[in-house]
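Heads up, the thing below is written out as structure tokens.
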Protein chains: 2
Amino acid sequence: MTFTPSAEWPPPPDGGSAPRVDSPYWNPAVETMDPADRALVVLDKLKAQLGYCYEKSPFYRERWDAAGVDPGKISSLDDLRRIPVLRKQELRTEQAAHPPFGRYLCVPRHEVLRVHGTSGTTGRPTAFGVSRDDWNRIAGAHARIMWAAGIRPSDTIFLGSFFGLYWGGWGALIGGERLGATCFPFGAGVPGQTQQAVEWLAQMQPTAFYGTPSYALRIAEVAREAGHDPVDFGIRVLFFSGEPGAGIPATKSLIERTFGGACIDMGSMAEMSPWMTNAECDERRGMHLWDDIVYTELLDSITEEPVGPGEVGVPVYTHLERQSQPMVRLWSGDLSRYTDEACPCGRTYRRLPDGLFGRADDMLVVRGENVYPAAIEEAIRAAGCDGEFRVEVVRDHALDELTIRAEAMPGLSDHDLREAVLGQIKKKLGLRATVEIVRAGSLERTEFKARRISDRRELSRELETLQQDSKGTSA
Amino acid sequence: MTFTPSAEWPPPPDGGSAPRVDSPYWNPAVETMDPADRALVVLDKLKAQLGYCYEKSPFYRERWDAAGVDPGKISSLDDLRRIPVLRKQELRTEQAAHPPFGRYLCVPRHEVLRVHGTSGTTGRPTAFGVSRDDWNRIAGAHARIMWAAGIRPSDTIFLGSFFGLYWGGWGALIGGERLGATCFPFGAGVPGQTQQAVEWLAQMQPTAFYGTPSYALRIAEVAREAGHDPVDFGIRVLFFSGEPGAGIPATKSLIERTFGGACIDMGSMAEMSPWMTNAECDERRGMHLWDDIVYTELLDSITEEPVGPGEVGVPVYTHLERQSQPMVRLWSGDLSRYTDEACPCGRTYRRLPDGLFGRADDMLVVRGENVYPAAIEEAIRAAGCDGEFRVEVVRDHALDELTIRAEAMPGLSDHDLREAVLGQIKKKLGLRATVEIVRAGSLERTEFKARRISDRRELSRELETLQQDSKGTSA
């Protein structure tokens with residue numbers, strides 16, 4: 001097929017004007033559209049996006065030709081399933097073969113405005129190249145979604161996130177600028193910066209905050225040590241990405257109690273920027289899927305077939321407005337459920353009522369039960385543990401053991417906290433656990449994404465083998 | 001007086017279009033203007049800026065009224081001297097009394113697009129509030145100045161500087177975006193980030209670099225440890241602010257040899273953004289004073305009277321295009337000399353041929369000689385010391401001693417390096433010193449501004465007093 005760019009695609013990069021301050025919607029017509037009508041809009045954009053990718057990207061063209069798919073013959077959203085799912089490892093392989101951006105850049109390199117990337121902690125780093133028009137379109141999309149979160153031009157947004165390779169903070173920054181808010185990109189990650197952050201929060205009195213849930217709680221802790229009550233900062237809206245915490249009910253509630261503001265869950269993947277197309281509105285009933293910007297399928301993790309409402313599936317994302325490095329059917333590896341029940345906000349987008357509650361590859365099977373890290377966090381927070389905690393799954397003589405260390409809480413005896421955690425783990429997960437209450441402040445803090453839960457069973461097995469070997473030798 | 005905004009002031013915020021790639025100038029008419037004509041342009045803008053400040057800012061109005069100055073009666077650049085000089089401490093006092101921005105903000109708070117600030121290491125932090133129009137005007141000014149440094153839209157700029165409160169990296173970023181280059185804001189300051197930077201430099205092959213001179217040299221060192229020659233990164237232009245190093249001949253030469261690219265010195269003060277209005281062109285013969293954006297006086301540090309060409313003076317800056325927090329006669333505390341000799345680039349701006357070579361308050365008097373830290377660095381680098389070094393001035397029985405620790409160099413014996421340093425210090429400063437060669441890599445590195453020179457004489461005196469006291473007691 002040959003791609004004929006239409007006057008409508010891609011949409012102009014300005015993202016439209018901000019509405020009146022009392023409007024609940026940035027773009028009422030688009031956000032409250034009948035879902036059947038939206039499906040037609042999505043299909044139109046999808047056809048244009050697929051045609052563009054096929055025309056501009058040898059990477060996609062080769063893949064799709066090899067799979068025997070003609071993107072020109074995609075005539076329904078259902079047809080999209082004929083296009084092969086794309087995995088991150090394939091992007092890394094392509095970039096290694098065609099550095100630095102891979103043959104899915106789709107614009108000449110000199111049109112790249114910004115370079116970002118992954119940290120490469122799980123393999124070769126991936127480079128992101130974003131054109132000026134895409135950058136502006138991302139800003140416009142984020143402005144629209146941040147408006148739904150309750151942010152207005154009169155707000156001052158404190159951005160407590162690392163500005164560098166990581167996409168999160170930049171996306172929140174350009175959305176806030178486009179929306180017309182005052183942006184304070186304070187950053188994170190530099191030694192000593194959290195103490196400074198507390199003083200600036202007290203002095204500047206921002207009305208909105210962006211970061212990771214773990215880091216917000218860390219800031220609150222340091223604030224209290226310095227004699228501030230985080231509620232006094234006057235933050236009205238806190239919005240988050242990078243971790244599932246803001247979508248875990250007990251953690252959401254903890255953040256809202258701590259700061260006295262609304263806790264909003266957001267975030268898909270850096271590759272998918274505008275990464276805010278998973279985002280809660282100010283009703284906070286799970287992230288909406290802003291399908292007219294990025295179209296999201298939920299697929300069974302094994303069969304890759306669509307799942308129905310309420311069923312566990314993997315979100316798989318397709319850009320509808322990207323010209324540089326567009327992603328078509330990118331497999332997230334996350335796990336979620338969707339609902340198409342109405343949201344009181346009036347938006348007609350589907351929602352993920354439980355957020356992204358796990359990853360297909362880090363679901364734990366403990367004594368035969370499926371256990372997601374987010375469910376463990378929910379149980380521990382619901383027990384009243386507001387501090388840090390760590391969970392290890394170990395194997396003791398072929399039996400899985402959940403061992404939890406949770407920090408002591410003022411006003412609650414260690415005994416009562418331990419019993420509460422045991423009770424919630426039993427109630428929510430149907431599991432028994434070993435709980436140790438440790439000194440408040442003794443577990444390590446993070447300014448980025450927390451890693452609280454680890455599966456040590458492989459290690460347990462190795463240790464047992466070693467012990468048996470050594471017994472064998474000594475016998 | 002009442003301020004009547006003219007159609008010409010402030011100039012439109014877009015900064016004008018990029019010229020043809022082969023044009024040496026962004027704005028030829030303005031940059032190569034006859035200095036006498038430029039003085040008229042500067043005066044016109046100055047009158048508008050002063051009128052604006054008087055009208056919008058109770059802070060300026062009160063100060064100037066108290067000094068008996070009517071800004072409406074300023075009718076020559078020479079008249080500007082009637083307005084009192086402004087010191088940073090006065091800004092801090094004003095912000096403490098009228099938080100957070102002080103009464104020199106001059107725009108309603110909701111018009112502030114971006115908040116930044118000082119780190120507050122030398123007192124209460126200062127908050128910067130920048131309006132959207134100013135932000136865009138700063139981007140335009142920086143684009144124009146970066147063009148003069150040799151940066152073109154085809155360049156990829158690696159920004160190895162901390163993104164947070166600090167203004168430097170943001171200014172380089174928005175200038176690069178406005179110029180049309182590809183910007184890679186990598187950041188700095190986070191543990192482990194330098195190793196990552198090296199891998200990305202090797203993979204992405206940027207053609208331009210921004211950071212501090214110290215950090216560029218640190219990156220080069222880590223690159224070599226990882227088996228890379230920094231020349232292979234292919235960087236054509238390195239531009240710097242935050243430290244005087246890029247204007248110190250031997251350090252400039254070291255950076256150019258290390259990376260194989262041109263080393264460009266830039267930078268006035270964060271308060272003065274666009275801070276690039278001190279900036280070298282690609283001829284690299286000292287920073288031009290881009291006087292039609294920020295008007296710069298050089299004043300005697302004691303009398304506050306203008307100094308002539310070649311005489312040591314303190315740069316004192318006045319914004320000509322700022323609406324939010326404009327600065328009028330801000331005392332930098334730095335020391336420099338200017339020349340109005342022609343530059344081969346064809347620009348008719350004055351230049352600072354020796355950069356900002358010291359600070360009025362950190363000039364050392366050693367055995368009766370005036371010694372600037374930059375001159376010590378020049379001498380040590382000229383001796384062939386490419387590694388880190390530290391200098392202490394101590395007092396031993398009423399005699400000042402310069403003690404230098406310099407890291408060993410491969411291919412040069414410790415004895416020869418020590419002799420070379422002693423020789424250069426004697427030749428350039430007329431001083432004797434104690435030089436110790438220490439193991440390569442043993443002195444601490446920085447990712448920001450280096451602090452290599454310290455005056456310990458106060459401490460020496462205290463120690464001597466203590467020793468005498470203790471003798472007295474034991475006698």
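Is at least one residue of region B:217-236 open to solvent by 10 Å² or more (accessible area, probe 1.4 Å) and either at positive phi or at the interface with another protein chain (Cβ under 10 Å from one of its Cβ atoms) (or both)? Looking through region B:217-236, at least one residue is open to solvent by 10 Å² or more (accessible area, probe 1.4 Å) and either at positive phi or at the interface with another protein chain (Cβ under 10 Å from one of its Cβ atoms) (or both). So, B:Ser241, is that one within 14 Å of chain A (Cβ to nearest Cβ), crowded, with 22+ Cβ neighbours inside 10 Å and of a type in the set (S, T, N, Q) or not? No: the conditions fail for B:Ser241.
Within region B:199-216, track down each residue that is within 11 Å of chain A (Cβ to nearest Cβ) and aliphatic (A, V, I, L, M). Answer for region B:199-216, where residues must be within 11 Å of chain A (Cβ to nearest Cβ) and aliphatic (A, V, I, L, M): B:Ala202, B:Met204. When A:Ala360 is tested against (1) at pLDDT 95 or above; (2) farther than 14 Å from A:Leu289 by Cβ, exactly one condition is not met: (1). I'm trying to understand the selection: among the residues of region A:176-198, which are within 9 Å of chain B (Cβ to nearest Cβ) and either of a type in the set (D, E, K, R) or open to solvent by 10 Å² or more (accessible area, probe 1.4 Å) (or both)? Matches in region A:176-198: A:Glu177, A:Gly180, A:Gly189, A:Val190, A:Pro191, A:Gln196. Scan region B:132-143 for residues that are in contact with a strand residue (DSSP E or B) (Cβ under 6 Å, 6 or more places away or on another chain) and open to solvent by less than 20 Å² (accessible area, probe 1.4 Å) and jot them down. Matches in region B:132-143: B:Trp135 only.
Note on region A:345-360: among residues that are more than 14 Å from A:Gly267 (Cβ to Cβ) and of a type in the set (Gly, Ala, Ser), the one that is least open to solvent (accessible area, probe 1.4 Å) is A:Gly358. Applying the criterion of being within 15 Å of A:Arg87 (Cα to Cα) and in contact (Cβ under 8 Å) with a residue 60 or more places away in the chain to the residues of region A:301-318, the residue that is surrounded by the fewest Cβ atoms within 10 Å (Cβ to Cβ) is A:Glu304. The residue of region A:156-166 that is farthest from B:Gly169 (Cα to Cα), among those that are surrounded by 24 or more Cβ atoms within 10 Å (Cβ to Cβ) and more than 8 Å from every other protein chain (Cβ to nearest Cβ), is A:Ile157. Among the conditions (1) under 13 Å from A:Ala208 (Cβ atoms); (2) at the interface with chain B (Cβ under 9 Å from one of its Cβ atoms), the only one that A:Ile151 does not satisfy is (2). Restricting attention to region A:315-334, the residues that are over 14 Å from A:Ile293 (Cα atoms), in a loop (DSSP other than H, G, I, E, B) and touching a Pro at 6+ places or on another chain (Cβ under 7 Å) total 1. On inspection, B:Asp291 fails the criterion of being closer than 26 Å to B:Ile219 by Cβ, under 19 Å from the mean Cα position of the chain (by Cα) and open to solvent by 10 Å² or more (accessible area, probe 1.4 Å). Taking region B:144-263 as the region of interest, the helices (runs of 4 or more DSSP H) fully inside it that hold 2 or more residues being touching an Asp or Glu at 6+ places or on another chain (Cβ under 8 Å) and of a type outside the set (Val, Ile, Thr) are B:193-204, B:213-225, B:249-259.
The single condition among (1) charged (D, E, K, R); (2) open to solvent by 60 Å² or more (accessible area, probe 1.4 Å); (3) in contact with an Asp or Glu (Cβ under 9 Å, 6 or more places away or on another chain); (4) modelled with pLDDT of 95 or more that A:Asp37 does not satisfy is (3). The single condition among (1) part of a helix (DSSP H, G or I); (2) crowded, with 16+ Cβ neighbours inside 10 Å that A:Pro24 does not meet is (1).
All of (1) more than 10 Å from chain A (Cβ to nearest Cβ); (2) in a loop (DSSP other than H, G, I, E, B); (3) under 24 Å from the mean Cα position of the chain (by Cα); (4) under 27 Å from A:Glu177 (Cα atoms) hold for B:Asn136 with one exception: (2). Among the numbered conditions (1) closer than 25 Å to A:Asp361 by Cα; (2) at pLDDT below 85; (3) open to solvent by 80 Å² or more (accessible area, probe 1.4 Å), the only one that A:Lys428 does not meet is (2). Filtering region A:363-392 to residues that are part of a loop (DSSP other than H, G, I, E, B), at pLDDT below 85 and at negative phi leaves A:Met363, A:Tyr372. Going through (1) open to solvent by less than 60 Å² (accessible area, probe 1.4 Å); (2) charged (D, E, K, R); (3) assigned to a helix (DSSP H, G or I) one by one, B:Arg61 falls short only on (1).
Residues in region B:326-362 that are in contact with a Ser or Thr (Cβ under 6 Å, 6 or more places away or on another chain) and closer than 30 Å to B:Gly102 by Cβ: B:Val328, B:Arg329, B:Leu352, B:Leu356, B:Ala360.
Of the residues in region A:73-92, at least one is under 25 Å from the mean Cα position of the chain (by Cα), polar (S, T, N, Q) and open to solvent by 40 Å² or more (accessible area, probe 1.4 Å).
In region A:117-126 there is at least one residue matching the filter, namely being of a type in the set (Gly, Ala, Ser), buried (at least 23 other Cβ atoms within 10 Å of the Cβ), within 17 Å of A:Ser268 (Cα to Cα) and in contact (Cβ under 8 Å) with a residue 12 or more places away in the chain. With respect to the conditions (1) buried (at least 17 other Cβ atoms within 10 Å of the Cβ); (2) part of a helix (DSSP H, G or I); (3) modelled with pLDDT of 75 or more, A:Ser460 falls short on a single one, namely (3). Across region B:69-115, the number of residues qualifying as in contact (Cβ under 8 Å) with a residue 60 or more places away in the chain, within 24 Å of A:Ala202 (Cβ to Cβ) and more than 12 Å from chain A (Cβ to nearest Cβ) comes to 4. Within region A:35-47, is even one residue in contact (Cβ under 8 Å) with a residue 40 or more places away in the chain, in contact with a helix residue (DSSP H, G or I) (Cβ under 8 Å, 6 or more places away or on another chain) and part of a loop (DSSP other than H, G, I, E, B)? Looking for residues that are in contact (Cβ under 8 Å) with a residue 40 or more places away in the chain, in contact with a helix residue (DSSP H, G or I) (Cβ under 8 Å, 6 or more places away or on another chain) and part of a loop (DSSP other than H, G, I, E, B), one finds none in region A:35-47, hence no.
Close Cβ contacts (under 7 Å, 6 or more residues apart or on different chains) running from residues in region A:184-200 that are without any contact (Cβ under 8 Å) to a residue 12 or more places away in the chain and closer than 18 Å to B:Trp167 by Cα to residues that are assigned to a loop (DSSP other than H, G, I, E, B) and open to solvent by 10 Å² or more (accessible area, probe 1.4 Å) comprise A:Val190/B:Phe162; A:Val190/B:Gly189; A:Val190/B:Val190.
Of all residues being more than 16 Å from A:Val421 (Cα to Cα), open to solvent by 30 Å² or more (accessible area, probe 1.4 Å) and hydrophobic (A, V, I, L, M, F, W, C) in region A:361-391, which is farthest from the chain's Cα centre (by Cα)? Just the residue, please. Taking the candidates together, the pick is A:Val365.
The values are calculated or read from the model by the stated rules, or taken from the named source; none is laboratory data. Nothing here was measured: the structure is a model prediction, and the numbers come from that model. When we count neighbours, we look across all protein chains shown, and the Cβ atoms used for this are built from the backbone with ideal geometry, even at glycine. Surface areas here come from the heavy atoms of the whole protein model, side chains and all, with no ligands, DNA or RNA. Shrake-Rupley method; radii C 1.70, N 1.55, O 1.52, S 1.80 Å.
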